[in-house]
1. Are any of the residues in the range B:140-151 open to solvent by less than 50 Å² (accessible area, probe 1.4 Å), at negative phi, of a type in the set (Phe, Trp, Tyr) and more than 14 Å from every other protein chain (Cβ to nearest Cβ)?
2. For A:Lys423, are the conditions met, namely being within 30 Å of A:Ser674 (Cβ to Cβ) and at pLDDT below 75?
3. Between a residue in the range A:778-807 that is outside any strand (DSSP E or B) and any residue that is among the polar types (S, T, N, Q) and surrounded by 19 or more Cβ atoms within 10 Å (Cβ to Cβ), which pairs come within a Cβ distance under 9 Å, given they are 6 or more apart or on different chains?
4. Applying the selection to the range A:499-509, what residues are in contact (Cβ under 8 Å) with a residue 60 or more places away in the chain and either within 21 Å of A:Phe653 (Cβ to Cβ) or of a type in the set (Ser, Thr, Tyr) (or both)?
5. Answer yes or no: is there a residue in the range A:289-306 that is touching a Ser or Thr at 6+ places or on another chain (Cβ under 8 Å) and under 18 Å from A:Glu657 (Cβ atoms).
6. B:Asp88 fails exactly one of the following numbered conditions: (1) within 14 Å of another protein chain (Cβ to nearest Cβ); (2) crowded, with 21+ Cβ neighbours inside 10 Å. What is the number of that condition?
7. Scan the range B:19-58 for residues that are buried (at least 19 other Cβ atoms within 10 Å of the Cβ) and more than 15 Å from the chain's Cα centre (by Cα) and jot them down.
8. Failed condition for A:Arg302, given (1) open to solvent by less than 70 Å² (accessible area, probe 1.4 Å); (2) modelled with pLDDT under 85, with all others met?
Amino acid sequence: MDDLLSEFLTETSENLATLDVEIVELEKNPNDKELLGNIFRLVHTIKGTCGFLGLPRLEAVAHAGENVLGKFRDGELEVTPEGVSAILECFDQIKYLLGELEETGTEPEGNDQALIDRLNAIADGGGAPAAAEQPESAAEPAPEAAAEAEESSEEAPEDGDDLQELFNSTPGPADDLNFQGEEKAETKEPEPSPEPSAESPPAAAAKPPAPSQDKPADAGKKEASIATQSIRVNVDVLEDLMNMVSELVLTRNQLMQILRSHKDSEFALPLQRLSHITTDLQEGVMKTRMQPIGNAWAKLPRIIRDLALELNKKIELQMLGADTELDRQVLDLIKDPLTHMVRNSADHGIEMPEERVAASKPETGKVVLNAFHEGGHIIIEIKDDGKGLNLERIKEKALENGLHTAEELESMSDKQASQLIFKAGFSTAEKVTSVSGRGVGMDVVRTNIEKIGGTIELNTVQGQGSTFMIKIPLTLAIVSALIVESCGEKFAVPQLSVVELVRVSKDSEQQIEDIRGTSVLRLRNRLLPLISLEKLLKLEKFEIFASNKKQVEQSLKEDLGFIEPPAEVEAKVETEAETEVEAEAEEAETEAEAEAVKQPDEVENTSDNDNVMKESEDSAKLAKSEQRSLAEKYIIVAKVGTYSYGIIVDDVFDTEEIVVKPVAPILRDISIFSGNTILGDGSVIMILDPNGIADSTGEITLADDAAQSQDDYGSKRNFGDNVMSLLLFKAGEGGPKAVPLSLVARLEDVMAEKIEYSDGRPMVQYREKLMPIIKFDATQIMPEQGRIPLIVFTDRDHSMGLVIDDIVDIVEDAVKSDLTSESENIAGSTVIAGKATDIINVSYYLEKAFGDWFRRTGVEGNQETEESKRLLLIDDSMFFRNLIIPTLSVAGFDVKAVSSGKEALELCEQGYDFDVVVSDIEMPDMTGLQLVHEIRSHSNWKEKPVVALSSLMGEEDIKRGLEAGFDDYIAKTDRESLTDRIVKAIQSKSSTEDAEEAA
Amino acid sequence: MNELVVKSQTPGTELDLASNYYTEQFVTVIIADQLLGLSVLNVHDILGPQKIASIPLSRNEIAGSLNLRGKIVTAVDVRQCMGLEPADINEQMHVVVEHLGDQYSLTVDSVGEVLNLHPKDHEANPPTMDSRWRDVSMGIYQLPERLMVVLDVDKLIGSIGEIKAA
């Protein structure tokens, strides 16, 4: 049967049941306006829906009833027993019609003219002739039956006659039915159906004292049959039920676990049965939450139709497997992503009819939605036969957005490239239409799908179309999870995100390798980033503390006499910690007593309150497990979207079906856990969230760095505002050198043999172009052979390589020192990681490579500004000038830099013209605020945009700056948005100027 | 039917009214030798030492979580909240309370009897009280032998969330 129709039937039967009760109420309180309103509304709804569904007969009856009720409501008619009876009769007829509808799916033939006439007559004036014969039969039973149930039985036959009369006028199946009904009323009275018969006075009182005694019986039966097909249950009830079943499953699991340890238990059999029943129950309850996916698709045909019209495309939408069921909760969550993707397919995928014909494809494009079950998952395919993804365009866009470097993109397979569309901020729609390309991209789709533990894949063939495959779990409530252990703590990892398990030990093929403290694994020739659960969850506090302490003791003992460079201390600690622990383990075994004596110090420090003996046992155990885990670790390869990474754990146990329970609100901020659960053995464990872990890794590294530098180098982090990423490298003489990472395009290794000389200058062929190579300084000797590491600075078409000796590290650090340098190639010095480090002057090298660098980049550098904008930079610090000039130059500005406000004003007086002025605030002699005041008050620059560039970023400072006349106020460290904001300042200024001119 | 319901309700209400009016019941607990009282209406359960699963990365005030008849309850280390020396979590008793619809267990050293106390013995917090205690105390009851601090469970647990949010 039509979904809509069955829903209508269910709803209307419910409404009618309410109506029956209410109308009797109404008879008692004829003046209850509210009640009348209610009844009227219900009947009106029925009428309206009938009209919508194309049920004319039902509609006519309902309409007649509504008319009378309308008059009652408006006070035009008095509520009389006759009227009420007629209304009830009308309801009964509606019920009868509904019953037929339910059975056959169509309205029965015949008409209800007699009833309608009577109702109309009542509506017209209460006692119209058509109703004349009614009162005797209808007037009495109503009040009496309500008050005195006994009498209703006497009246039943009379009512039956009445009904007979009515039904005689309706031919066809109605006759049979009526006959049946009457028979039933007479012969099968004890039947426990909701017949308002004499045997059930309460029912009669509640039910309408209807003139058609047998009719409600019949309708009642129908009602029941609808009711068994579908009932409305509050979702909360289902949720509760689900929760309880979840608990039951858990308890079952516990019992089964216990059973496993008692081999020949007499409980085995009953428990087995319990287990089966529980499983069935679980499935049954799960089913109550299931809905066909077609519900989520209902809107799509319309969307596609509208889209086709709007875009002048011909699109056909095919929906397969609409009856595939999935959890209501999941359904809600995928509704929007699905809609979005179908829209995308139609908008971006399907070509215009002409294009399609040209490509010898049928004119009408096809979007196919297909849903089916596959091993505990539901797979939804969205396939179009359009043009497929334009991978070139996607790559370009990735480059533009800085998501990937050109080189990375080149080495990407088509499959990898197509996955790029799932990254944030990626809409390749050439123009924003009303349907897509509004920035709500596939990344949102992916996030939503991943939120429910699903995955999304994309296959695309240029010219032939794309297919999205969404794989989502059937339900969210119970998931299968892998139980893992780290440092003696157990955790659950949802199986869905686990791709594979890798065991690493001393002699296994795979080894955990180390890149300056970052663990990676070579897995099938790909590098897999690893995250140690131990470190991530800070489980190792105790061990590290202990070994740190030992380390110090040892170094004191051995009197090494030198302090390790701080950057390496940690690495050292780690490696030594490992050997230490091994040693410790042996110690613990052989010299348990000595260990016990030593422990107390450590106990105090760790502020642990365990007693000494216990502690020493624990530590021995820990040390042992550590030793074992050194030899053997497991890596859980998890996949979040397209990002794979490994989680290092000590041990892996079996998988268990777990019920995900949300964590207490006070724990919600720990994003690494998606919930917690109770295992079969009754223990509570946390469920790791692979998404959360992936998200947090970036932050974790940062946090670790921060913590480290805080510990190691004290107060330097106080200048946290000025933190920037620096690339540390070794080159030439002296200490490490650094360059702001934002200026570095790439790091390259070139073979010495590849270096050619042209015009006496070293060059290398790089991406089919010649790239000049500049030595760090004159003293540097270019290696004759082997690899030469280069730092490549680039500006669209032009690149240069700076020869260095070695890359040391990338650090986030506060650059504070203003110590300027004598040498041209050094911008200044600062302290990084406890060492004096020279920050190189990139502009010096750029100039050396291309004498005309600035001019040229100025002209063609920035595509957005047609001609390069002249920019005046005022900053007293040579150091910052040297840092910022290259940034601005690369962005396409023609930069002139001066060191004081006075110089700037001189330039102004000399008639220099700039498009924008960028000034520091804190300067000797004349502050930026004074300068801008000067500029604004009486100079020929007063209309120019002036932007403040300062490290003073307090709210007050910014406010003061803007009040003084700056158009924008940018943090010195905010390098990324610096150029954008300057450009914006220029644009907004010129647009206001235009506006003023226009005015 | 209706009548029955009414009948059974009326005496109950009277009783409740009476007890509420005259005395209030408190579950007494001891933390670091200090007697604390929790309104009996707040307390769902009292448990002996439990197996506590620690929650990595959580605040110190959170001792871990435990399995209370199939429900996961977060254990709050009251000693930590009050700035006291930590005790061995494996020997602490648990008082299970509800806060904003979720169950929490408060770890305490020991649980004493339930006392019926008269409001006349209730006094406001002395202003000189340690601020950490004052924040979570709803006043003091004078008992013959010692003083009992009335613990405000909502504030105690709520304060953990606040610190976290900050």
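The values are calculated or read from the model by the stated rules, or taken from the named source; none is laboratory data. Keep in mind the model is a prediction, meaning the values are calculated, not measured. When we count neighbours, we look across all protein chains shown, and the Cβ atoms used for this are built from the backbone with ideal geometry, even at glycine. Heads up: the accessible areas ignore ligands, DNA and RNA and are worked out on the full protein's heavy atoms, side chains in. Shrake-Rupley method; radii C 1.70, N 1.55, O 1.52, S 1.80 Å.
1. Looking through the range B:140-151, at least one residue is open to solvent by less than 50 Å² (accessible area, probe 1.4 Å), at negative phi, of a type in the set (Phe, Trp, Tyr) and more than 14 Å from every other protein chain (Cβ to nearest Cβ).
2. On the way: within 30 Å of A:Ser674 (Cβ to Cβ): yes; at pLDDT below 75: yes.
For A:Lys423, the condition - within 30 Å of A:Ser674 (Cβ to Cβ) and at pLDDT below 75 - is met.
3. Short answer, once both residue conditions are applied: A:Arg796/A:Thr857.
4. A:Val499, A:Glu500, A:Leu501, A:Val502, A:Arg503, A:Val504, A:Ser505 - these are the residues of the range A:499-509 that are in contact (Cβ under 8 Å) with a residue 60 or more places away in the chain and either within 21 Å of A:Phe653 (Cβ to Cβ) or of a type in the set (Ser, Thr, Tyr) (or both).
5. Yes, the range A:289-306 contains a residue that is touching a Ser or Thr at 6+ places or on another chain (Cβ under 8 Å) and under 18 Å from A:Glu657 (Cβ atoms).
6. (2)
7. Answer for the range B:19-58, where residues must be buried (at least 19 other Cβ atoms within 10 Å of the Cβ) and more than 15 Å from the chain's Cα centre (by Cα): B:Gln50, B:Ile52, B:Ala53, B:Ile55, B:Pro56, B:Ser58.
8. (1)
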